[in-house]
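The values are calculated or read from the model by the stated rules, or taken from the named source; none is laboratory data. Values in this document were obtained by computation on a predicted structure and should not be read as measured data. Here the Cβ is made from the backbone with ideal geometry for all residues, glycine too, and neighbour counts use every protein chain on show. Each accessible area value is taken on the protein alone, full model and side chains, heavy atoms only, with ligands, DNA and RNA left out. Shrake-Rupley method; radii C 1.70, N 1.55, O 1.52, S 1.80 Å.
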Amino acid sequence: MKTAKEEINTTKLPAHVAIIMDGNGRWAKLQGAARVFGHQSGVKSVKETVEAAAELGIKYLTLYAFSTENWNRPGEEVSALMELLVKAIHDETPTLNKNNIRLLAIGALESLPQKCIIQLQKAVQETSKNTGLTLVLALSYSAKWEITEAVKKIASEVQKGSLLPEEITESFFSKQLTTKDIPDPELMIRTSGEHRISNFLLWQLAYAEFYFTDTLWPDFRKEHFYQAIVNYQSRERRFGKTGEQIKNTK
Ligand code: IPE
Ligand code: IPE
Ligand code: MG
């Protein structure tokens, strides 16, 4: 029997995988522990996933780490998450460099605590020359926020007279988003059995394949990531065409 990793066709990898890392709280509850323990345990899953993606040769991995809506959680949980973020970024920057991984962050980063912003900027700067995997952290991110910001920017340019409405094409609009230099994800994974998008990359996921697993994020390992890739590779992406048209162009 082949392992999931052996089943992967490395010539047909998705260039960009995006993940909604969900289920930390429920995982902790199952252990009779506080929610924060789930978040702490989820860091190992992040490390495994990043390593698996980098080893396979995937170019972009976006992780939804904190949504705009997550600010509404109890203050204690939010603070613990921010502390964890600072610590994980600090501890992992040398490993990112060792593995040639470039770090980027998207979201309303200015709303993060100062300590987080500084740590993040430092890690982004120190890994900026790396040419392997690009790891994108979505922090204080929401897609409706991002789209609204883009619309505001475009409206003000039109008002100033520096942009004509007919110049607003799909590709122009994409360039106004936080993901402007990143290709759209081909695969979106959500853990923990929830089947929703929770304000994540609404524009960019227009044609992504969705993969849902019941595995809770702190249990997610390389093997789970490989399984998602194998599943993705078994799908037929049609982009509005018929199955026959797709087969004839292969
Ligand atoms: C995902 O796990 C982590 C964040 C959203 C920050 P949750 O904390 O949402 O875990 P559940 O969904 O409550 O189990
Ligand atoms: C989505 O998870 C956000 C992140 C994983 C960071 P949530 O747990 O916040 O999503 P909902 O609220 O259940 O949709
Ligand atoms: Mg959740």
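Worth pointing out:
- Angstrom value of the Kirkwood radius, inverse mean 1/r, which spans all Cα pairs in segment 63-175: 15.9 Å
- Semi-axes of the equivalent ellipsoid of segment 169-208 are 23, 9, 8 Å, computed as sqrt(5λ) over the eigenvalues of the C-alpha gyration tensor in descending order.
- Proximity of backbone amide H atoms, modeled 1.01 Å from N, is registered between residue 142 and 68, 108 at under 5 Å, excluding neighbours fewer than 5 places apart on the same chain.
- Solvent-accessible area, 1.4 Å probe, carbon plus sulfur percent, for segment 169-250: 49 percent
- Stokes-Einstein diffusion for the chain, with the hydrodynamic radius set to the Kirkwood value over Cα pairs and evaluated at 10 °C in a medium of 1.306 mPa s, equals 82 µm²/s.
- The modelled label-to-label distance for the pair residue 91/residue 10, using points 7 Å beyond Cα in the direction of Cβ, is 3.0 nm.
- Cα lying deepest toward the dipole's positive end in segment 18-64, options 33, 54, 21, charges on Cβ: 33
- Taking amide H as placed 1.01 Å from N in the peptide plane, the amide H of residue 187 sits under 5 Å from that of 16, 18, 209, each at least 5 places away or on another chain.
- Here the spin labels are modelled as points 7 Å beyond Cα on the Cα-Cβ line, and at residue 162 and residue 30 they lie 5.2 nm apart.
- Charge dipole magnitude, Cβ of K and R +1, D and E -1 - segment 109-250, Cα centre, debye nearest 20: 140 debye
- The simple Förster model, with R0 at 51 Å and r as the Cβ-Cβ distance, assigns residue 121 and residue 248 a FRET efficiency of 0.55.
- Each 10 Å bin from zero holds the following percent of Cα-Cα pairs in segment 115-181: 16, 37, 28, 18, 0.
- ³J(HN,Hα), Karplus 6.51/-1.76/1.60, whole Hz, each residue of segment 179-188, x for Gly, Pro: 9, 3, 9, 10, x, 5, x, 8, 9, 10
- Neighbour-limited loop hits for trypsin sites (Lys or Arg not before Pro), segment 39-142 (at most 10 other Cβ within 10 Å; DSSP other than H, G, I, E, B): 129
- Per residue of the chain, the DSSP helices (runs of n ≥ 4 H) give a summed -39500 (n - 2.57) that works out to -14000 deg cm²/dmol at 222 nm.
- Probing with 1.4 Å while keeping every protein chain in the model, the per residue accessible area of the chain equals 53 Å².
- Ratio Rg/Rh [Cα only; Rh per Kirkwood] for segment 103-250: 1.01
- P(r) tail for segment 36-114: Cα pairs beyond 16 Å make up 56% of the total.
- Grouping the Cα pair distances of segment 180-250 into 10 Å bins from zero gives a pair-distance distribution of 17, 42, 32, 9, 0 percent in increasing distance order.
- The chain: antiparallel DSSP beta bridges as a percent of all, rounded to 5: 0 percent
- Computed on segment 1-158, with alpha-carbon pairs under 8 angstrom and 6+ residues apart, the relative contact order is 26 percent.
- Å³ per residue enclosed by the Cα convex hull of segment 1-133: 124 Å³
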